[in-house]
1. Name every residue in region 198-241 that is hydrophobic (A, V, I, L, M, F, W, C), open to solvent by 10 Å² or more (accessible area, probe 1.4 Å) and within 16 Å of ligand 2 (Cβ to nearest atom), in order of residue number.
2. Name the residue that is surrounded by the fewest Cβ atoms within 10 Å (Cβ to Cβ), counting only residues in region 379-437 that are out of contact with any Leu (no Cβ under 8 Å at 6 or more places or on another chain) and among the hydroxyl-bearing types (Ser, Thr, Tyr).
3. Lys313 versus (1) within 13 Å of ligand 1 (Cβ to nearest atom); (2) closer than 30 Å to Asn237 by Cβ; (3) part of a loop (DSSP other than H, G, I, E, B): which is the lone unmet condition?
4. Please state which of the following conditions Pro104 fails to meet, knowing it meets all the rest: (1) within 15 Å of ligand 1 (Cβ to nearest atom); (2) open to solvent by 30 Å² or more (accessible area, probe 1.4 Å); (3) modelled with pLDDT of 90 or more.
5. Which residues, counting only those in region 386-437, are assigned to a loop (DSSP other than H, G, I, E, B) and small (Gly, Ala, Ser)?
6. When the residues of region 133-192 are filtered to those that are among the β-branched types (Val, Ile, Thr) and open to solvent by 20 Å² or more (accessible area, probe 1.4 Å), which remaining residue is farthest from ligand 1 (Cβ to nearest atom)?
7. Given the criteria under 24 Å from the mean Cα position of the chain (by Cα), of a type in the set (Asp, Glu), modelled with pLDDT under 95 and more than 12 Å from ligand 1 (Cβ to nearest atom), does Glu111 qualify?
8. Which one is farthest from ligand 1 (Cβ to nearest atom) among residues in region 229-281 that are more than 21 Å from the chain's Cα centre (by Cα) and among the acidic types (Asp, Glu)?
Amino acid sequence: MTTEELWQAVLAQIQLNISPIHFTTWFKNTGISEKKDNQIIVFTPNSFVKEWIEQKHNKTILKILHTLDETIKDVKYIIKQKEEVPIKKEKFIINLNINQPELPVFKLNKETNLNPKYTFENFIVSSFNELPHAAAQAVIKNPGFVYNPLFIYGGVGLGKTHLLQAIGNEIFNNFSDKKVKYVPSEKFTSEVINAIRNKEMENLKIKYQQTDVLIIDDIQFLAGKEKTQEEFFHVFNTLYDKNKQIIISSDRAPNIIPSLTERLRSRLEGGMIADISLPDTETLIAILKIKSKEKMVEFSDEILYYIASNIKKNIRELEGVLNYLIAYQKLNKIIIDIELLKNLLKKIVVSIPKTTSFKKIVQVVTQFYDIKEKEVLLNCRRKEIVFPRQIIMYLLRNELKYSYLNIGKKFKNMDHTTVIYSCKKISNELEKNEKLKNDIDLIKQQIYNI
Ligand code: ADP
Ligand code: MG
């Protein structure tokens, strides 16, 4: 196995735990430059990235490398300029698998922002996603006129992005006159924020209002962002009135996305709502087969059955495990049998702890409630500030296991009894308040970049 393949195996694992945007930000143009005795030298494009990876990901990287090759005991990071980086950028962003060089390399389509690797040919349809798939087919035949909007929801890693992008690709290929645009809702939000700052809102609106098919992924992240919702609402109405197709995904149904303005919610509920549920084991095996075929590797049915029956809730995780096993086989030049598989699964499923930080929690919560970080950290008593502050305290206590005393220190030396009161208050409220539970779920997703 080459060092490049070894690094791809590490990336495949890391990718499971951080958001695609963060992943690209930090791991673009990184790689292994050499293996020296028991040490792996990892190159990074600049000191900023180097320090970030060292601080945030070193433990995980070492752990993964060590499970792949027990002789590896240490990782060192260096800076190497872009020109010297042997990995092609496009390949890096899309093909994180340990692919053979002859496999196709996909490039994002600049016009649509779609990734052509997501198609219906490599999308398995079974009872768990039959309804959204059928609705998608109807939309493809007649965009804008059948189900508008088409709203697809389902849990993490169950194929929403794949389905949305496959619809976009199909329409793009079949209707040369139609402008298709795919945008993750986080990107839409940051575009709105920038446009407001630079007074370019009109241009942004025009850009979106000119599309024939607008695809917005993970709309739950618009929760609480009123300004972005408002702009989206306008774009939505313009497109809708012109019979332009709108396709949306979310991790939950529109009626339980918290802090969504009523008028946007009712717009989202006005078309077809179709959910993706959990696939059964046979379907998971079919997916594993299609994915291993793409990577030109074959596993026995016994192996595939074992993987599928142990990782049931998330197809992305299933794929991550598959990539890991392919890397392991190559590196150690062996065929994995069922005993080895059992051991490996135990190791990798626990190998990556989820991480977050004080800074991240404050940032996500203040953004979520649309308030200023400064106000929440100072002694501001306004009600709209006090409540988010209590949530931050609750998360510091429950997610980061901070002591009450330490939490107090972060908030201008607040008395620890006040901190205890705040944490208890949120815990109690959570037991009876479904909306708050939803809010906190969403916040947790964001603090962990799921
Ligand atoms: P989500 O957007 O719901 O979090 P993704 O669309 O990113 O999930 O899917 C995660 C991974 O699982 C992707 O690599 C995707 O190709 C694969 N996948 C999901 N559903 C299917 C399916 N029905 N057939 C084949 N692959 C699938
Ligand atoms: Mg997705």
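The values are calculated or read from the model by the stated rules, or taken from the named source; none is laboratory data. Just so it is clear, the model here is predicted, and its values are computed rather than measured. Note: ideal-geometry Cβ built from the backbone for every residue, glycine included; neighbour counts use all protein chains shown. Just so you know, the surface numbers come from the protein's heavy atoms only, side chains and all, with ligands and any DNA or RNA stripped out. Shrake-Rupley method; radii C 1.70, N 1.55, O 1.52, S 1.80 Å.
1. Passing the criteria: only Phe221.
2. Result: Thr417.
3. (2)
4. Here Pro104 meets the rest and fails (3).
5. The answer is Ser403, and nothing else.
6. Val146
7. Details: under 24 Å from the mean Cα position of the chain (by Cα): yes; of a type in the set (Asp, Glu): yes; modelled with pLDDT under 95: yes; more than 12 Å from ligand 1 (Cβ to nearest atom): yes.
The answer is yes for Glu111.
8. Per the criteria, the residue is Asp241.
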